[in-house]
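Enquirer: Could you have a look at this structure, given as structure tokens, before my questions?
The values are calculated or read from the model by the stated rules, or taken from the named source; none is laboratory data. Predicted, not measured: the structure shown is a model, and the values here were computed from it. Because the Cβ atoms are built from the backbone with ideal geometry, glycine has one as well, and the counts that use them run over all protein chains shown. Calculation scope for accessible area: heavy atoms of the full protein, side chains included, ligands and nucleic acids excluded. Shrake-Rupley method; radii C 1.70, N 1.55, O 1.52, S 1.80 Å.
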Amino acid sequence: MQIEFARIDDDAARFVLSGATPAFANALRRTMIGEVPTLAIEDVKIYDNSSVLFDEILAHRLGLIPIKTDLSRFVKQEDCSCEGAGCPLCSVTFTMSVEGPGMVYSSDLIPDDPETRPVLDNVPIVKLFEGQKIVLEARATLNTGRVHAKWEPTTACGYKNYPVVTIGENCDGCGMCIDECPRGVLEIKDRQAHVVDGKLEACSLCKLCEKACLTTGIGTEPAITIRSDISKFIFVVESDGSLPVLTIIEKGLEYIRKQSTDLSETLVEIAGVN
């Protein structure tokens, strides 16, 4: 199994996973979405809210604000020595005290830990009019997207099969396949269709070129065929900013390895008992 990165920065990555099965590719996708923990606001104490939003809607909006997360500093509440009471090892407290008129932004959430703050300062929460105000205290905890979507570290996470384009010798260079391709993957060179250099991965496997060739070509077989490599996948992962995208990928792989190891050890124990 190999991973080859085409692009990687703090917020997005594109890579090719090869030598894997469709089951593993989907397991990796689901793990990065639902099993990599982040911080999100879970409990809100509202002391004053005269805005146009109900308390429940205001709390819901706060919970969806991405928060910078350092996984080396925090643990889940069920794993913490405080037994869920709330301490600096498993939670971060935010306070907000704002009066109108004006828009309330995520920057108005003041954390007790300066390093753990909203990813963006300009996320709008609610507009306050003259005489309206909000006073509250919120606590963010560590959890995973499998529990609630607000703990998902990704805004986009998906893959597609790697395309395989085969052009036969019976291609007459009519250009119909090029006209039909929505991604500009094909070109005519030496009176025959070819894949444009560096554009193969842009193929969406729509097979419009193949259908056009079958319609206009000679005989019953198209000169161009499109299929997918079932052991090779193109992944695109985008982070919401709470974690670097490389951390999301690493933690996802670590989770799969741990689950596989635990399952293997359990099977060995069962076999030993029998």
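Enquirer: Could you pull out the pairs from 150/232; 160/211; 160/258; 68/150; 68/258 whose alpha carbons sit more than 23 Å apart here?
Expert: Numbers: 150/232 31 Å; 160/211 21 Å; 160/258 26 Å; 68/150 13 Å; 68/258 25 Å.
From 150/232; 160/211; 160/258; 68/150; 68/258, over 23 Å: 150/232; 160/258; 68/258.
Enquirer: Report the full-extension gain for the segment residue 194 to residue 5: residue separation times 0.36 nm, less the Cα-Cα distance, to one decimal in nm. All intermediate terms of the calculation are to be shown ahead of the outcome.
Expert: Working: separation 189, 0.36 × 189 = 68.04 nm, distance 2.48 nm.
Here the answer is 65.6 nm.
Enquirer: R0 = 35 Å: FRET efficiency of residue 270 with residue 75, Cβ-based, nearest 0.05? All intermediate terms of the calculation are to be shown ahead of the outcome.
Expert: On the way: r = 30 Å, r/R0 = 0.87.
For R0 = 35 Å, the calculated efficiency reads 0.70.
Enquirer: Can you grab the distance from the C-alpha centre of region 38-113 to the C-alpha centre of region 125-174, Å, no decimals?
Expert: 21 Å
Enquirer: Here's another thing I want to ask about it. Rounded to the nearest 20 Debye, what is the dipole magnitude of region 109-224 about its Cα centre when Lys and Arg each give +1 and Asp and Glu each give -1 at the C-beta?
Expert: Using only the charged Cβ atoms, the result is roughly 400 debye.
Enquirer: I've got another one for you. Let me know the longest stretch in the chain that avoids all chymotrypsin sites (Phe, Trp or Tyr not before Pro) found in a DSSP loop with at most 14 other C-beta atoms within 10 Å.
Expert: On the way: sites that count: 54, 129.
Answer from the scan: 130-274.
Enquirer: Please state the shape class of region 6-153: rounded when a/c is under 1.5, otherwise prolate if a/b exceeds b/c and oblate if not, all from the C-alpha gyration tensor. Write down the numbers at each step before the final one.
Expert: Numbers: a/c = 2.44, a/b = 1.74, b/c = 1.40.
Here region 6-153 falls in the prolate category.
Enquirer: Toward the positive end of the charge dipole of region 85-135, about the Cα centre and with charges on Cβ (Lys, Arg +1; Asp, Glu -1), which of 111, 128, 87 goes farthest?
Expert: 128
Enquirer: Which whole number of Å³ per residue matches the convex hull of the alpha-carbon atoms in region 155-274? All intermediate terms of the calculation are to be shown ahead of the outcome.
Expert: Numbers: hull volume 20.3 nm³, N = 120.
It is 169 Å³ per residue.
Enquirer: Another question, if that's okay. Taking Cα atoms of the chain, Rg/Rh with Kirkwood Rh, to two decimals?
Expert: Rounded to two decimals, Rg/Rh equals 1.15.
Enquirer: Assigning unit charges at the beta carbon (Lys, Arg +1; Asp, Glu -1) and nothing else, what dipole magnitude in debye, to the nearest 20, does the chain show about its Cα centre? List each step's numbers first, then the result.
Expert: Numbers: 27 positive and 41 negative charges, 127 e Å.
Taking the Cα centre of the chain as origin, the dipole is about 620 debye.
Enquirer: For the chain, which whole percent of the accessible surface, found with a 1.4 angstrom probe, sits on carbon and sulfur atoms? Spell out each step's value before the answer.
Expert: Details: 7890 of 15460 Å².
Solvent-exposed carbon and sulfur of the chain make up 51 percent of the total.
Enquirer: Between residue 174 and residue 236, with labels modelled 7 Å along Cα→Cβ, what's the label distance in nm to one decimal, could you check?
Expert: 3.2 nm
Enquirer: For region 1-64, with the dipole built from +1 on Lys and Arg beta-carbon atoms and -1 on Asp and Glu ones, taken about the Cα centre, which of 63, 38, 22 lies farthest toward the positive end?
Expert: In region 1-64, that residue is 22.
Enquirer: Using a 4.7 Å Cβ cut-off, which Cys residues in the chain lack a partner cysteine?
Expert: 157, 171, 174, 181, 203, 206, 213 - these cysteines have no disulfide-compatible partner (Cβ-Cβ under 4.7 Å) in the chain.
Enquirer: Here's another thing I want to ask about it. Shape call for region 91-172 from the C-alpha gyration tensor, a ≥ b ≥ c root eigenvalues: rounded (a/c under 1.5), prolate (a/b greater than b/c) or oblate? Numbers along the way, then the final one.
Expert: Numbers: a/c = 4.49, a/b = 2.49, b/c = 1.80.
Cα axes put region 91-172 in the prolate bin.
Enquirer: Determine the per residue accessible area of region 140-213 with all protein chains present and a 1.4 angstrom probe, expressed in square angstrom. Walk me through the numbers before you get to the answer.
Expert: Values: 4020 Å² over 74 residues.
Per-residue accessible area for region 140-213 comes out at 54 Å².
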